[in-house]
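*Asks:* Let me begin by handing over the structure; questions about it come next.
The values are calculated or read from the model by the stated rules, or taken from the named source; none is laboratory data. All figures in this text were calculated on a predicted structure; none of them were measured in a lab. Note that we place each Cβ from the backbone using ideal geometry, even for glycine, and neighbour counts take in every protein chain shown. These area figures cover heavy atoms from the full protein model, side chains too; ligands, DNA and RNA do not enter into them. Shrake-Rupley method; radii C 1.70, N 1.55, O 1.52, S 1.80 Å.
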Amino acid sequence: MSNIEQTLSIIKPDAVERNLENEIKTIFKNNGFKILKEKKLKLEKTDAEQFYKVHETKPFYSDLCGYLSSGPIIVMILEKENAIKLNRDLMGATDPAKADDGTIRKLFGKSIDKNSVHGSDSPENAKIEIDFFFNN
Ligand code: CMP
């Protein structure tokens, strides 16, 4: 049965800063993802805190929110069959040092914080994250 999904993808400040936007979008397109909507913006730290609220009890929460709001980002809605899992596969492990060859984080990630891309981890969070950036 078909399972077309939408997921939220973010090209993070480290990748935007290195002008990797087009290269990363090409990887998504070559892997069959449609970019339904996209925009470039810079978050305030309070916005990042809301976006990453699921991580608020983690020791890295403040640094994470400071980082995501440190420079421009590109947010995109990606669509494809099983987009949520397939995007996470394509991104690779959170820590670029542990990511498989050919994944976006292996190719471009600098560290666990500067790991170049974010992708929703579940259908519930995909909806929340898409609404956060596009439905307000
Ligand atoms: P992301 O997929 O955007 O979701 C949460 C982010 O927290 C994650 O990518 C990492 O960049 C960041 N992070 C920082 N430290 C850690 C850690 N120890 N474990 C998991 N994620 C971390």
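*Asks:* Taking interchain pairs and intrachain pairs at least six residues apart, which have beta carbon atoms under 9 angstrom, with the first residue in the stretch 54-72 and under 13 Å from Lys114 (Cα atoms) and the second among the aromatic types (Phe, Trp, Tyr)?
*Replies:* Pairs that qualify, where the first residue is under 13 Å from Lys114 (Cα atoms) and the partner is among the aromatic types (Phe, Trp, Tyr), are Leu64/Tyr52; Cys65/Phe51; Cys65/Tyr52; Leu68/Phe51; Leu68/Tyr52.
*Asks:* Have a look at Leu86, Leu64, Leu90 and point out the one that is open to solvent by less than 20 Å² (accessible area, probe 1.4 Å) and assigned to a helix (DSSP H, G or I). Steps first, answer last, please.
*Replies:* Details: Leu86 fails: open to solvent by less than 20 Å² (accessible area, probe 1.4 Å); Leu90 fails: open to solvent by less than 20 Å² (accessible area, probe 1.4 Å).
Matching residue, one of Leu86, Leu64, Leu90: Leu64.
*Asks:* Suppose we filter Lys80, Lys29 for residues that are within 21 Å of Phe134 (Cβ to Cβ), among the basic types (Lys, Arg) and part of a strand (DSSP E or B); which single one remains?
*Replies:* Numbers: Lys29 fails: part of a strand (DSSP E or B).
Being within 21 Å of Phe134 (Cβ to Cβ), among the basic types (Lys, Arg) and part of a strand (DSSP E or B) holds for just one of Lys80, Lys29, which is Lys80.
*Asks:* Can you name the number of the only condition in (1) in contact with a helix residue (DSSP H, G or I) (Cβ under 7 Å, 6 or more places away or on another chain); (2) closer than 20 Å to Ser122 by Cβ; (3) hydrophobic (A, V, I, L, M, F, W, C); (4) within 14 Å of the ligand (Cβ to nearest atom) that Leu78 fails?
*Replies:* (4)
*Asks:* Filter the stretch 38-75 down to the residues that are in contact with a helix residue (DSSP H, G or I) (Cβ under 6 Å, 6 or more places away or on another chain), within 16 Å of Ser120 (Cβ to Cβ) and away from the ligand (no atom under 11 Å from the Cβ) and list them by number.
*Replies:* Ile74, Val75, listed by residue number.
*Asks:* Kindly evaluate Ile77 against the criterion of being open to solvent by 90 Å² or more (accessible area, probe 1.4 Å) and either more than 25 Å from Glu5 (Cα to Cα) or under 15 Å from the mean Cα position of the chain (by Cα) (or both). Spell out how you get there, then give the answer.
*Replies:* Working: open to solvent by 90 Å² or more (accessible area, probe 1.4 Å): no; either more than 25 Å from Glu5 (Cα to Cα) or under 15 Å from the mean Cα position of the chain (by Cα) (or both): yes.
So Ile77 fails the test.
Each row is one residue, and each column tells you yes or no for (1) farther than 23 Å from Ser111 by Cα; (2) at pLDDT below 95; (3) loosely packed, with under 12 Cβ neighbours inside 10 Å.
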position	(1), (2), (3)
Ile10	no, no, no
Leu20	no, no, no
Thr26	no, no, yes
Asn30	yes, no, yes
Lys39	yes, no, yes
